[in-house]
1. Show me, for region 49-63, the HN-Hα J-couplings you get by feeding each phi into the Karplus relation (A = 6.51, B = -1.76, C = 1.60, θ = phi - 60°), rounded to Hz, glycine and proline as x.
2. Any idea what the relative contact order of region 4-75 is, in percent, if you count C-alpha pairs under 8 Å spaced at least 6 apart?
3. Please list, short to long, the whole-number percent of alpha-carbon pairs of region 7-60 in consecutive 5 angstrom bins beginning at zero.
4. Under a plain spin-label model, where a point goes 7 Å from the Cα along Cα-to-Cβ, how far apart in nm are Ile57 and Ser20?
5. In nm, give the distance between the simple-model label positions of Gln49 and Val5, each being 7 Å from the Cα along the Cα-to-Cβ direction.
6. What does the highest-first list of 8-19, 50-61 look like by mean Cβ count within 10 Å?
7. What is the gain in length, in nm to one decimal, between Glu33 and Thr70 on full extension, counting 0.36 nm per residue of separation less the C-alpha to C-alpha distance?
8. Residues with amide H under 5 Å of Ser42's amide H, sequence separation 5 or more or different chain, H placed in the peptide plane at 1.01 Å from N; which?
Amino acid sequence: MHSKVYLLENAGQTHVLVGSSNLTLGGLQTNIESNLAASFPSSHRMVQQWRENFEAIWSLSHKLVLRTWTQRCSSFGRGVSL
């Protein structure tokens, strides 16, 4: 399973969806997926930890620019057309 964590905030509440679903029609309606939904106050320690984890992972990411994407696809012997 390739899990995801979605945090949706509204009026001091954070609604959390943790599971395997992508935010696509298939992921949310037709595929066989496993998810857990819950709501917490936005100040809850668990919500803060999820935010911290996201920031830590995001800080390690690389900015993807079109040139880089095109070069990587070309290196696999496939053309890219936009």
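A short reminder: the numbers here are calculations on the coordinates, not readings from a lab. Being a predicted model, the structure only gives us computed values, none of them experimental. Neighbour counts run over all protein chains shown; Cβ positions are idealised from the backbone, glycine included.
1. Values per residue, Gly and Pro as x: 5, 4, 5, 4, 4, 4, 4, 5, 5, 4, 5, 8, 6, 10, 5 Hz.
2. Once divided by the residue count of region 4-75, the mean separation gives 24 percent.
3. P(r) for region 7-60, in whole percents per bin: 5, 18, 22, 20, 19, 14, 3.
4. 1.7 nm
5. Roughly 0.8 nm, to one decimal.
6. The peptides rank, most packed first, as 8-19, 50-61.
7. Once the chain is fully extended between Glu33 and Thr70, it gains 10.1 nm.
8. Amide H neighbours of Ser42: Gln13, Thr14.
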